[in-house]
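The values are calculated or read from the model by the stated rules, or taken from the named source; none is laboratory data. Treat the numbers as computed from the prediction; the structure is a model and nothing was measured. Here the Cβ is made from the backbone with ideal geometry for all residues, glycine too, and neighbour counts use every protein chain on show.
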Amino acid sequence: MNKAATLLAAEEGANPLIPHTFELVVGIFSFFVVLFVVGRLLVPRIQKTLAERTEAIEGGIKRAEDAQAEALNLQKQYREQLAEARQEAARLREEAREQAAEIRAELREEAQAEARRLVEAAHAQIEADRQAAFAQLRTEIGRLSTDLAGRIVGESLEDEARQSRVIDRFLDELERSDAQAVR
Amino acid sequence: MSALTVLADDQFKAPSPDELFTFAPIIPGVDWFTKPVLLAILSSIVVIGFCWAAFANPKIVPRGVQNVAEYGYMFVRDQVARPFLGKDADRWMGLLLTLFFMVFLWNIMGVIPLLQFPVASHIAFPAVLAISIYVLKVYLGVKHQGAIGYFKNMMFPPGLPKPIYVLLSPIEFLSNMIIAPFTHAVRLFANMFAGHMLLAFFSMVGFWFLFEKLTPLGAPVGVIGVIMTIIFTGFEIFIQFLQAFLFAMLASMYIGGALHAEH
């Protein structure tokens, strides 16, 4: 064994391209142990971590983008709502103005009607009063006239028919002269 | 070299590959347990320990060692896996990250003080990886393109005039099935081998002319040796990184080529 190794070593010394058998064995062994531990056990772990890191970074960027999009969306919504509210307010104002004008017109109309009605009522009242006064006046004047006439002529004008006729005639005359005087 | 030998009065001897790359067993009697074997095992432990510290309990917000390891992961994913594997990249990251870290550790052992031996300069270690990738490549090719389809796609890329195939097909077969795995391993091995030779040579020059045989004539040569050692150590670190990157990249390319026909 010893001799063989020395022989091999001597031979190897002459030709460095001939590998040592035991070095091959150790080489294979150490290579495959490292390959198993590093390549099989450890590299997948770091790959997983790197993937997670990428995920985390991309996730962060994605989240930020989402938040930004949401903020922009909200802003847009608020703007729309604000514009809507402004429009609504303008509409309401316009409506109120129209309503006010309408109410004003209506009130004016009503007031005018009322005034007309009052005037008419007053006219009617005046007419009625006049009529009443006129009727009263007529009887009053009749009585006064007969009294006066009776007293003047000294004769009793008791007779109903005559009395009435005289009065009527007197009044007709009076009315006629009245109308002429009015004209 | 002859000038050096003259200066050293035939006493300076450049280190030979035999001296640099042959090791006695660390524990007498246990023949298999030599320095390269120890360093290979140590590399595996370091890679596992580092990745365990970083990735066993990964945080969404990375801290400390996870940051460093993630930097490595991102580098392998973006520079090695994705250009050749596209959307399949994540599925093969385990293998490619293991390859990159292991080869890098094997290589960097060459400049770590006291250890100072690149594990990959013993052909057995790169060969193990290259053969594993080769087996995987052929398996994936046959699985995804069918046995006939795989070789047809490899040897008869469409759209060429017929006579070309007489020349092209054997070349393609040879380069893909025989030369590729060989160069895959040898490129790494040879770089580390040569790099180690260079570093050993320059540090030996420095040590010899400044400590072993300090002479007025030899001292400047020793200083040059020390400076060159420093420069080449920096250069070597770059090469060690580059070769690890290249090894993983070629593995990625082979897997990508096996998954999808290139034409």
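Listed conditions (1) at pLDDT below 95; (2) more than 7 Å from chain A (Cβ to nearest Cβ); (3) crowded, with 24+ Cβ neighbours inside 10 Å are all met by residue B:57, apart from (3). Going through (1) at the interface with another protein chain (Cβ under 7 Å from one of its Cβ atoms); (2) part of a helix (DSSP H, G or I); (3) more than 22 Å from residue B:257 (Cα to Cα) one by one, residue B:107 falls short only on (1). Candidates are the residues of the stretch B:218-238 that are crowded, with 19+ Cβ neighbours inside 10 Å and under 24 Å from the mean Cα position of the chain (by Cα); the one that is farthest from residue B:156 (Cα to Cα) is B:229.
Take the residues in the stretch B:119-156 that are more than 16 Å from the chain's Cα centre (by Cα), of a type in the set (Gly, Ala, Ser) and part of a helix (DSSP H, G or I); name whichever of them is nearest to residue A:32 (Cα to Cα). If we take residues in the stretch B:119-156 being more than 16 Å from the chain's Cα centre (by Cα), of a type in the set (Gly, Ala, Ser) and part of a helix (DSSP H, G or I), then B:141 is nearest to residue A:32 (Cα to Cα).
If you go through the stretch A:28-43 one residue at a time, how many are more than 7 Å from chain B (Cβ to nearest Cβ) and exposed (fewer than 15 other Cβ atoms within 10 Å of the Cβ)?
From the stretch A:28-43, those more than 7 Å from chain B (Cβ to nearest Cβ) are A:29, A:32, A:36, A:41; that's our starting set.
In the following step, the residues that additionally are exposed (fewer than 15 other Cβ atoms within 10 Å of the Cβ) were identified as A:29, A:36.
Looking only at that region, the number is 2.
Condition test on residue B:49, is it under 30 Å from residue B:27 (Cβ atoms), more than 8 Å from chain A (Cβ to nearest Cβ) and in contact with a His (Cβ under 9 Å, 6 or more places away or on another chain)?
The answer is no for residue B:49.
Is there any pair with a first residue in the stretch B:86-101 that is at the interface with another protein chain (Cβ under 9 Å from one of its Cβ atoms) and a second that is surrounded by fewer than 22 Cβ atoms within 10 Å (Cβ to Cβ) and among the aromatic types (Phe, Trp, Tyr) whose Cβ atoms are under 8 Å apart and which are 6 or more apart or on different chains, and what are they? Partner pairs satisfying both residue conditions: B:98/A:31; B:101/B:50.
Based on this model, can you work out whether residue B:221 counts as more than 30 Å from residue B:119 (Cβ to Cβ), assigned to a helix (DSSP H, G or I) and in contact (Cβ under 8 Å) with a residue 12 or more places away in the chain? Considered against the rule, which asks whether it is more than 30 Å from residue B:119 (Cβ to Cβ), assigned to a helix (DSSP H, G or I) and in contact (Cβ under 8 Å) with a residue 12 or more places away in the chain, residue B:221 comes out as yes. Working only within the stretch B:81-121, note down all residues that are of a type in the set (Gly, Ala, Ser) and closer than 20 Å to residue A:31 by Cα. Passing the criteria: B:81, B:94, B:110, B:120, B:121. Taking (1) more than 10 Å from chain A (Cβ to nearest Cβ); (2) closer than 30 Å to residue B:261 by Cβ in turn, residue B:77 satisfies each apart from (1). Residue A:162: exposed (fewer than 10 other Cβ atoms within 10 Å of the Cβ), basic (Lys, Arg) and either modelled with pLDDT of 80 or more or assigned to a helix (DSSP H, G or I) (or both), yes or no? No; evaluated as a whole, the condition is false for this residue. In the stretch B:32-42, of all residues being facing another protein chain (nearest Cβ under 7 Å) and of a type outside the set (A, V, I, L, M), the one that is farthest from residue B:129 (Cα to Cα) corresponds to B:32.
When you go through (1) crowded, with 17+ Cβ neighbours inside 10 Å; (2) part of a helix (DSSP H, G or I) one by one for residue B:164, which number turns out not to apply? For residue B:164, the failing item is (1).
Could you tell me whether residue A:54 is in contact with a Pro (Cβ under 8 Å, 6 or more places away or on another chain) and assigned to a helix (DSSP H, G or I)? Here the answer is no, as residue A:54 does not meet what is asked.
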